[in-house]
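Asker: Have a look at this one before I ask anything.
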Amino acid sequence: MPGPLYIALIPLLPLITFAIISLVGNRYFPKFTGILGTTSLAISATISLFTAWQYFFVEGSVNGVYQQIISFKYTWLEFSPNVSIDMGALLDPISVMMIVVVTFVSLMVHIYSLGYMKGEERFSTYYAFLSLFTFSMLGLVLSSNIFQIYIFWELVGVSSYLLIGFYFDKPSAVAASKKAFIVTRFADLGFLVGILLLAFHAETLDFQTLIQRLSTPGDYLNGIISASFLGVSALTWGLVLVFIGGAGKSAMFPLHVWLPDAMEGPTPVSALIHAATMVVAGVFLVARLFPIFAMSCPVALDIVACVGVFSSLFAAIIACTQTDIKRVLAYSTMSQIGYMMFALGVSEYGENGLGYMASMFHLFTHAMFKALLFLGAGAVIHYVHSNEMKDMGGLRKFMPITHITFLIACLAIAGIPPFAGFFSKEEILTAAFHSNKLIFGLAVTTAAITAFYMFRLYFSIFWKSEHHPHHGDDHHGEGPKTMLIPLLVLGLLSIVAGFAPFHHLVTSDGHPLHTEFHLLFAAGPVLLAIIAIIVAMVMYKKESALPGKISEGLKSIYQAAYRKFYIDEIYLFVTKGIIFNLIGRPSAWIDRNIVDGFMNMMATVTENFSDTIKPIQSGKLQLYAVWFFAGLMGMVLLFIYLWA
Amino acid sequence: MMTNLTLLILVPLLAAVAVAFCRNGEQAKWTAFIGSLCQLLLSGAMAFAYFAERKAGNTAQMLFTERHSWFSSLNIEYYVGVDGISVAMILLTAFVVFTGVLISWNVQTLSREFFFLLMLLGAGAYGFFISLDLFTLFFFLEVAVIPKFLLIAIWGSGKKEYSAMKLVLMLMAGSALVLIGMLSLYYYSDDGNGNRTFDMLKLAYQNIPLEVQLFAFPLMFTGFGIFTAMFPFHTWAPDGHSSAPTAASMFLAGISMKLGGYGCLRAATYLMPEAAQEYSWIIVLLATIAIIYGSFATLMQKDLKYINAYSSVSHCGFVLLGIGMLTKTAITGAVMQMVSHGVMTALFFGAIGMIYERTHTRQVEQLGGLLKTIPFLSTVYIIAGLCSLGLPGFSGFVAEMTVFMGSWQRPDTFNRICTILACASIVVTAVYILRAIGQAVMGPITNEHYSHLKDATWNERLASAALILAILAIGLAPFWLNNLITPDAQIIMENVARGGLIE
């Protein structure tokens, strides 16, 4: 079914903007590049909204079932008649939902940055990179081909690299950008091998065909299941490898180390890339291949669930101890993505696909309130010029709008009704409860911890010390209008997004899902969250000795969490100690001394040999005569000897 | 006229002669510029003519052929013609020569001689890529070797005499191996009436006895392999590249290493299919070692040129891997990688040369913050780096992925492991490229002197833009290159498959 071609404009507009800004805008109209980028994205976002409306309410469903529509598809690189990389756009509930999220959050960030990045020396470069990122992310979610998604996957990676390292004269930013790229690249290696493996057996790279062949019984499925390596079927290998790629991008344990460091980038970038869009690409990838996971390979799905729930709890614990507000938010992002992951992991395909729906729902609401949190944090950082909690406190008087919107976002992430996070979290917990009680228990614990650290953050920024040391009399704490409007819009959405009828729109098989409201799953976690908020209030609303005492009491655990459980140190040991010193250095040494040494030795031997025999050609006639007669004599003797 | 391939040799030769008769350096460089521009236009026109001809349904294996008897008693002919693979290589050569001249705009000493040699190198490369007669092929291979010695020894830097000697001796050893292999093929090409031939299109279907193939193939493959820096015969590359002047580095890595790859494919694999199958695993093994070991050795390098030279060893490993894997897709990928690496590495060495001209150092730890002071050149360096680490949108990605896709079609464990190891190198590549970029180009300005550097001049901008355009043309729209190469990769594969070992 061919779909509307105007879809192509959604990713192409940011691409064109990128080209214009980087080729001419940078030089000739640097001041207007921000407006240009924002305008083109506004158009893109409008088209996305229109597409979503068309898809969800006009022509997307046939007999109440949402269809997959190929909007367009062009062969980009053909390996054989069946196997080719195509560039296309695949519309289905999740991709349509994603283009709305991506363009909308990106638009908010574009508007916000007009104020936030004003006066920045590389202002136009910043907008060029933002456009590049938006293009890549849109291409990623629209992908109709598994190799296409890999291509855009790498492109969002490089946009993220460029934006994290935006302040390139800061060594820490350069190091963080490098780390982010290399860690995700390592994960992408898994993704690539996974693609090769799946594509080899399914004999296609096209998503629809691939999913169809590997999720329904038949020759292809039998073939890939019967092929095995180390006792594990090729299908499991393939899916787990693909998931490794997703885990890298989505900062799942143990590939999460790059995300906290990525906060070196400008804060609006963190809001867009490292909170709302790029980091959920891994969730999107698993959701895209969900039929294969759910119907052919439950083992791989269990792995997804375990990794998700562990990352979720792990990150929540670390978040309680961090003092840099952006790092707290980064760990909270990791924790919430863990939520989305395990929601997928506990889900089934079709009727019992509550987890799938809940995961996508949480992705949607999380994008709103987490972007809001980051943008709010950006406003705070803009004001106090520091990321550290200790430099903040009592800001509610100076920044009333930021304060209120930040509070809304905190309530949303803590899962307090009627804010957005409550609805999606409740669905996830219900799904977990029906699938696995252990996961459910861990998830509820995480929810409580989340409420605690978010309000620790909130009280530390906006309450605590009443007299702010640096800005005592300065009442102009709020940023310009361009920064406030996105906060207000996102704040509003964080309140109402929870009412979106996701179970009708976004489900694993396109059929609407029947969900019931369970008081148990709603009331229990909300009660826990409220208790956690009260605890946070007692500890952090006023200057108090309590937090210090508690951390003193739990010293070893606190230290371990504060040091992020030493994961960075382990990585450093492996890269520096093993890869550099035990592989790199010996390779370079062997090359210079053994391989090249052998070549040089051959040259030396030749030279020495010629040096040795050189005296024979001395040019002295007498010597030649001696040799001549000696030779003659020798031959004569030889002949006589042979004759006899 | 566009279909007269001999022009491709004559134009650079005429340019060389014209340069030799110039009065001063200024005239010489403009003559060389015009000469190389003519070559670029001619190659472009020839490529268009080729496309038009194919579109019109001409299915001959070689187009625009031309043959003259050269030395009739040994049946040596001047026999030229092109297929898609040669067209791709010719375009590459034209781009690299053109930009090489532009980058060498500031050569002061003996500039007439410099451009003369550069043009001569070009003539050798074009001749090599259009030859269909083994002897002609060998002849042009030699033409492309000698000028390198002079270019490095006279205009080079560092321990240039040592490097020039090393490079030429190793390449000469390679040529000698090729010569022996070639002569054994010639000797056994007897059609029963005592007629022997150097004609490659005939030799390929001559059913050379297996013993002869097993003897000649390693000689020929190793000989050409030395040119393309095959492990363990790659050690000329780091020293040679780093001592060579910028344009010579560009030529050396951009074209000369591709002469080897092309030879491995056209002369060794195509002509000796059974032996190619027999030795496939050794090639794959050596290529995998080169890829992995080259990338790890790069990690430890501190000089920008050494970084790129070692990474070239690793990247050319993909060419050999693609050839060794013996599938249509892998061979297509190998040719794509030759073109892609040629353009990319020319850009890389060009950028390094331009930076070196300004900072007078190539040591990574002495550089820093260049993005602030010379943004254009630094951006060029970053683009070359991103292409090298296989970013989609640039040519490297397309080529590597095609090699991987092709290699994956060999399902046995050995080839699988080698493919996965080769894939793993993309991570190591990212590490060394980003380290170099992070230290040399980004970060704070480390040297007061750097804040007064001047950014690129018009010729440097033009050269960089031309190469970046070529990289993007492959990276964004790979289908044209793919369509150009695949049919001929198919022909080579069909011949190899006659050996019967591969389905």
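Each reported figure results from applying straightforward, stated rules to the coordinates on display, with no laboratory input. What you are looking at is a predicted structure, and each value in this text was computed from that prediction instead of being measured. With ideal geometry, Cβ positions are generated from the backbone for all residues, glycine too; neighbour counts draw on all protein chains shown.
Asker: Jot down the per residue volume, in cubic angstrom and as a whole number, of the convex hull over the alpha-carbon atoms of the protein assembly as shown.
Answerer: Values: hull volume 242.0 nm³, N = 1147.
Taking only Cα atoms, the protein assembly as shown has a hull volume of 211 Å³ per residue.
Asker: Between B:ILE34 and B:LEU201, 0.36 nm times their residue separation minus their Cα-Cα distance comes to what? Let's see the in-between values first.
Answerer: Numbers: separation 167, 0.36 × 167 = 60.12 nm, distance 3.52 nm.
The span from B:ILE34 to B:LEU201 would gain 56.6 nm if fully extended.
Asker: Hey, what number do you get for chain A at 222 nm if only DSSP H runs of n ≥ 4 count, each worth -39500 (n - 2.57), divided across all residues, to the nearest 500?
Answerer: Values: 28 runs with 427 residues, N = 644.
Result for chain A, helices only: -22000 deg cm²/dmol.
Asker: Considering every residue in A:193-202, what mean count of other chain Cβ atoms within 10 Å of its Cβ is obtained? Write down the numbers at each step before the final one.
Answerer: On the way: counts 7, 0, 4, 10, 3, 0, 2, 5, 1, 0.
Per residue, the number of nearby Cβ atoms from other chains is 3 on average.
Asker: Order of A:627-636, B:63-72, A:490-499 by packing, highest average Cβ count within 10 Å first?
Answerer: So the peptides A:627-636, B:63-72, A:490-499, ranked by packing, come out A:490-499, B:63-72, A:627-636.
Asker: Next question, about the same structure. Under 5 Å between amide hydrogens, which residues at least 5 positions from B:ASP199 or on another chain qualify, with H placed 1.01 Å from N in the peptide plane?
Answerer: Under 5 Å from the amide H of B:ASP199: B:LEU134.
Asker: Mind ordering B:360-372, B:108-120 by average Cβ neighbours within 10 Å, highest first? Please report the intermediate quantities before stating the final value.
Answerer: Values: B:360-372: 18.1, B:108-120: 21.2.
Peptide ranking by packing, descending: B:108-120, B:360-372.
Asker: Then there's this: Cα axis of helix A:596-613 to longest principal axis of chain A: angle in degrees, 0 to 90, nearest 10?
Answerer: Rounded to the nearest ten degrees, it is 10.
Asker: Count, for each residue of A:587-599, the Cβ atoms from other chains sitting within 10 Å of its Cβ, then give me the mean as a whole number.
Answerer: Values: counts 10, 9, 2, 4, 12, 4, 0, 1, 7, 7, 1, 2, 10.
Partner-chain Cβ atoms within 10 Å, mean over residues of A:587-599: 5.
Asker: For helix B:25-55, report the angle its Cα long axis makes with the longest principal axis of the Cα atoms of chain B; keep it between 0 and 90° and round to the nearest 10°.
Answerer: 40
Asker: Sequence neighbours fewer than 8 away in the same chain don't count; with that in mind, list the lysines whose C-alpha is under 30 Å from A:LYS549.
Answerer: A:LYS326, A:LYS390, A:LYS397, A:LYS464, A:LYS541, A:LYS564
Asker: Residue by residue through segment A:332-345, which ³J(HN,Hα) values in whole Hz follow from phi under the Karplus form 6.51 cos²θ - 1.76 cosθ + 1.60 (θ = phi - 60°), with glycine and proline marked x?
Answerer: Values per residue, Gly and Pro as x: 5, 4, 4, 5, 5, 5, x, 4, 5, 4, 6, 4, 5, x Hz.
Asker: Please express the Cα-Cα pair-distance distribution P(r) of segment B:279-503 as a list of whole percents, one per 10 Å bin, running from 0 to the bin with the greatest distance.
Answerer: Taking every Cα pair in segment B:279-503, the percentages come to 9, 33, 31, 18, 8, 2, 0.
Asker: Roughly speaking, what is the stretch gain from A:LEU642 to A:PHE609, that is 0.36 nm per residue apart minus the C-alpha to C-alpha distance, in nm to one decimal? Walk me through the numbers before you get to the answer.
Answerer: Details: separation 33, 0.36 × 33 = 11.88 nm, distance 3.26 nm.
The A:LEU642-A:PHE609 span can extend by a further 8.6 nm.
Asker: Once a ≥ b ≥ c are taken as the square roots of the eigenvalues of the Cα gyration tensor of segment B:73-182, is the result rounded (a/c under 1.5), prolate (a/b larger than b/c) or oblate (a/b not larger than b/c)?
Answerer: Details: a/c = 2.46, a/b = 1.41, b/c = 1.75.
Here segment B:73-182 falls in the oblate category.
Asker: Let me ask another. Can you list residues whose amide H is under 5 Å from B:ILE76's amide H, if they're 5+ apart or on another chain and H is modeled 1.01 Å from N?
Answerer: When sequence neighbours closer than 5 places are left aside, the close amide H contacts are B:TRP70, B:PHE71.
Asker: Residues of A:174-185, mean number of Cβ from any other protein chain within 10 Å of their own Cβ, rounded to a whole number? Don't skip to the answer; put the middle values down first.
Answerer: Details: counts 9, 3, 0, 4, 9, 1, 0, 5, 7, 2, 1, 9.
Neighbouring Cβ atoms belonging to other protein chains average 4 per residue here.
Asker: Rounded to the nearest 0.05, what FRET efficiency do A:VAL65 and A:VAL496 give with R0 = 30 Å and r taken as the Cβ-Cβ distance? Could you check?
Answerer: Values: r = 27 Å, r/R0 = 0.90.
Step by step, r from the Cβ atoms, then E = 0.65.
Asker: Once you have a ≥ b ≥ c as the square roots of the Cα gyration tensor eigenvalues for segment B:63-135, tell me rounded if a/c is under 1.5, and otherwise prolate or oblate according to whether a/b is larger than b/c. Display every interim value, and only then the final one.
Answerer: Details: a/c = 4.70, a/b = 1.84, b/c = 2.56.
Oblate is the answer for segment B:63-135, as a/c is 1.5 or above yet b/c matches or exceeds a/b.
Asker: While we're looking at this one, here's another question. Which value in deg cm²/dmol, rounded to the nearest 500, describes the helix-derived mean residue ellipticity at 222 nm for chain B, given -39,500 (n - 2.57) per DSSP H run of n ≥ 4 and division by the residue count? Could you put the intermediate results ahead of the total?
Answerer: Working: 21 runs with 351 residues, N = 503.
Roughly -23500 deg cm²/dmol at 222 nm, from the helical runs in chain B.
Asker: Quick one: length gained pulling B:ASN58 to B:ARG23 fully straight, 0.36 nm per residue minus the C-alpha distance?
Answerer: Net length gain for the segment: 7.9 nm.
Asker: Between A:LEU91 and residues 5 or more places away or on another chain, which pairs have amide H atoms under 5 Å apart, with H built 1.01 Å from N, and which residues are they?
Answerer: So A:LEU91 has HN proximity to A:ILE69, A:ILE70, A:SER71.
Asker: In degrees between 0 and 90, to the nearest 10, how far off the longest principal axis of chain A does helix A:234-249 point, with axes built from Cα atoms?
Answerer: 70
Asker: So, one more: What's the FRET efficiency of A:ILE530 with A:PHE565 using the Cβ-Cβ distance as r and R₀ = 30 Å, to the nearest 0.05?
Answerer: Working: r = 29 Å, r/R0 = 0.96.
Plugging the Cβ-Cβ distance into 1/(1 + (r/R0)^6) gives 0.55.
Asker: Please state, rounded to one decimal and in Å, the Kirkwood hydrodynamic radius that chain B gives when every pair of distinct Cα atoms enters the mean of 1/r.
Answerer: Details: mean 1/r = 0.0445 Å⁻¹.
By the Kirkwood definition, the hydrodynamic radius is 22.5 Å.
Asker: If packing is taken as the mean number of other Cβ atoms within 10 Å per residue, what is the order of A:108-115, B:163-170, highest first? All intermediate terms of the calculation are to be shown ahead of the outcome.
Answerer: Numbers: A:108-115: 25.6, B:163-170: 21.0.
Highest-to-lowest ranking by the protection proxy: A:108-115, B:163-170.
Asker: Quick one: compute the contact order of chain B, relative version, from alpha carbon pairs under 8 angstrom and 6+ residues apart, as a percent. Kindly include the intermediate steps, with their values, before the conclusion.
Answerer: Working: 926 pairs, mean separation 77.2, N = 503.
Relative contact order comes out at 15 percent.
Asker: Which whole-number percent is the relative contact order of chain A (Cα, under 8 Å, 6+ apart)? List each step's numbers first, then the result.
Answerer: Values: 1018 pairs, mean separation 76.8, N = 644.
Rounded, it is 12 percent for chain A.
Asker: Kindly identify segment A:17-144 as rounded, prolate or oblate by the Cα gyration tensor criterion: order the square roots of the eigenvalues as a ≥ b ≥ c, call it rounded if a/c is under 1.5, otherwise compare a/b with b/c, prolate if a/b is larger, else oblate. Show your work: numbers first, answer last.
Answerer: Working: a/c = 3.35, a/b = 1.62, b/c = 2.07.
It is oblate, given that a/c is not under 1.5 and a/b is not larger than b/c.
Asker: Please state, rounded to one decimal and in Å, the Kirkwood hydrodynamic radius that chain A gives when every pair of distinct Cα atoms enters the mean of 1/r. Mind showing how you got there, number by number?
Answerer: Values: mean 1/r = 0.0373 Å⁻¹.
26.8 Å is the Kirkwood radius here.
Asker: Sticking with this one: Report, in listed order, any pair from B:LYS55/B:LYS202; A:LYS118/A:LYS370; A:LYS179/A:LYS542 with a Cα-Cα distance greater than 28 Å.
Answerer: Details: B:LYS55/B:LYS202 26 Å; A:LYS118/A:LYS370 23 Å; A:LYS179/A:LYS542 38 Å.
Checking Cα-Cα distances, A:LYS179/A:LYS542 exceed 28 Å.
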